[in-house]
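Below is one structure, written out as structure tokens; the observations come after it.
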Amino acid sequence: MMSLDGKIIIVTGGSRGIGEAIVRILCAGGARVYATYNSGADKAAGIVSEVSDAGGIVEFKQLDVTNVEDVMQFVEGVAKDAGRIDGLVNNAGITRDGLIMRMSAKDWADVLTTNLGGAFNFCKSVSRQMMSQRYGRIVNIGSIVGLSGNAGQVNYSASKAGLVGLTKSLAKELASRNVLVNCVAPGYVETDMTGKLNEEQKQTYSHSIPLKRIASANEIAKVVAFLLSDDASYITGQVINVDGGLAM
Ligand SMILES: NC(=O)c1ccc[n+]([C@@H]2O[C@H](COP(=O)([O-])OP(=O)(O)OC[C@H]3O[C@@H](n4cnc5c(N)ncnc54)[C@H](O)[C@@H]3O)[C@@H](O)[C@H]2O)c1
């Protein structure tokens, strides 16, 4: 049985959607979670109280993943408080969709800086601690559009393709210190991010998925939890598609 008992794990963007599901599943598995969010303090407080009622431990900190100084301070604080850092989940992400002819330089930069730059900031900040422990697990939340591309998402798919390169390079850099780095690439998942799609778009997407349905956030979170557990001790540098067969 997969166990996360006592593991100290950081999750970015943990206040809703896939990040929230990850936080809840890790806490239920016995991990002590340090989560961040960008906005939605009430939502974060609600998760803290529900998790603690169920006997779990989670703390939330409002933090912008693009702010290098804040990320470093946060990670140092976790290491000081908990004495170690076993896992990191780079989940925070945004979309600013549009066809390239209409995409502003700001929309390009914001998505790259948040999705890829934010993951870099956290990976860099936890690396020293994980290397000195001779133990660590990093899971980057990519997307299948980082592998297949998607019209109207040159910024988003470039950021997610970048995460694949980051994952594989860092996996090679840190393997000798027993720090494992992987990427989970969801297809379509029912969250606020896909809530922007109308019913017709959702039907069209569902139709193109071999399993004929959109994923729940929990179905992504379970794979992330596995990669953070001791059962996944021989997997590194991989991209695991959790997409109902979409990218086959
Ligand atoms: N929903 C999908 O269909 C889908 C598919 C593939 C990949 N993903 C990826 O999964 C991850 C989570 O997606 P979601 O659907 O749950 O999104 P969401 O919009 O519901 O949640 C995103 C989270 O990221 C946080 N965030 C955004 N910008 C931030 C910043 N600058 N600093 C700190 N936190 C920030 C938000 O506060 C929120 O907690 C993202 O990386 C997304 O790209 C989602």
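For the reader, a short list of remarks on this structure follows.
- Gain in span if fully extended, Lys43 to Asn198, counting 0.36 nm per residue against the direct Cα distance: 53.3 nm
- Between Lys106 and Arg134, the FRET efficiency estimated from the beta carbon spacing at R0 = 45 angstrom works out to 0.60.
- Helix-only [θ]222 nm of the chain, DSSP H runs n ≥ 4, -39500 (n - 2.57) each, per residue, nearest 500: -14000 deg cm²/dmol
- Alpha-carbon gyration tensor eigenvalues x 5, square-rooted, for the range 146-195, Å: 26, 13, 7
- Per the Kirkwood formula applied to alpha carbons, the chain shows a radius of gyration over Rh ratio, Rg over Rh, of 0.95.
- Taking Asp97, Asp70, Asp42 as the candidate residues, the one with maximal mean-square fluctuation in a Gaussian network model of the chain, Cα springs under 10 Å, is Asp42.
- Note on the chain: with a GNM built from Cα contacts shorter than 10 Å, the maximum mean-square fluctuation among Asn150, Asn91, Asn198 falls on Asn198.
- Gaussian network model of the chain, Cα within-10 Å springs - most flexible of Val23, Val224, Val68: Val68
- Over 32 Å (Cα to Cα) - which of Lys7/Lys43; Lys106/Lys222; Lys172/Lys196; Lys124/Lys222; Lys61/Lys196; Lys80/Lys168 fall in this group: Lys106/Lys222; Lys172/Lys196
- Projected area averaged over orientations for the range 1-100, convex hull of C-alpha atoms, nm²: 7.6 nm²
- Within the accessible area of the range 8-242 (1.4 Å probe), percent carbon and sulfur: 52 percent
- Protein-only accessible surface at a 1.4 angstrom probe places the residues Met193, Met130, Met101 in the order Met101, Met193, Met130, largest first.
- Helix 41-53 axis versus longest C-alpha principal axis of the chain: approximately 50°, rounded to the nearest ten.
- Nearest-ten-degree value, helix 68-82 long axis tilted from longest Cα axis of the chain: 40 degrees
- Looking at the range 29-109, the accessible area is 56 square angstrom per residue; that uses a 1.4 Å probe and ignores ligands, DNA and RNA.
- If you plug the beta carbon distance of Lys172 and Glu59 into 1/(1 + (r/R0)^6) with R0 = 25 Å, you get a FRET efficiency near 0.20.
- Linear extension gain, Ser208 paired with Asp231, 0.36 nm per residue minus alpha-carbon span: 5.0 nm
The values are calculated or read from the model by the stated rules, or taken from the named source; none is laboratory data. Predicted model only: the values in this text are computed from it and were never measured. Because the Cβ atoms are built from the backbone with ideal geometry, glycine has one as well, and the counts that use them run over all protein chains shown. The protein model used for the area step is the full one, side chains on, heavy atoms only, and it has no ligands, DNA or RNA in it. Shrake-Rupley method; radii C 1.70, N 1.55, O 1.52, S 1.80 Å.
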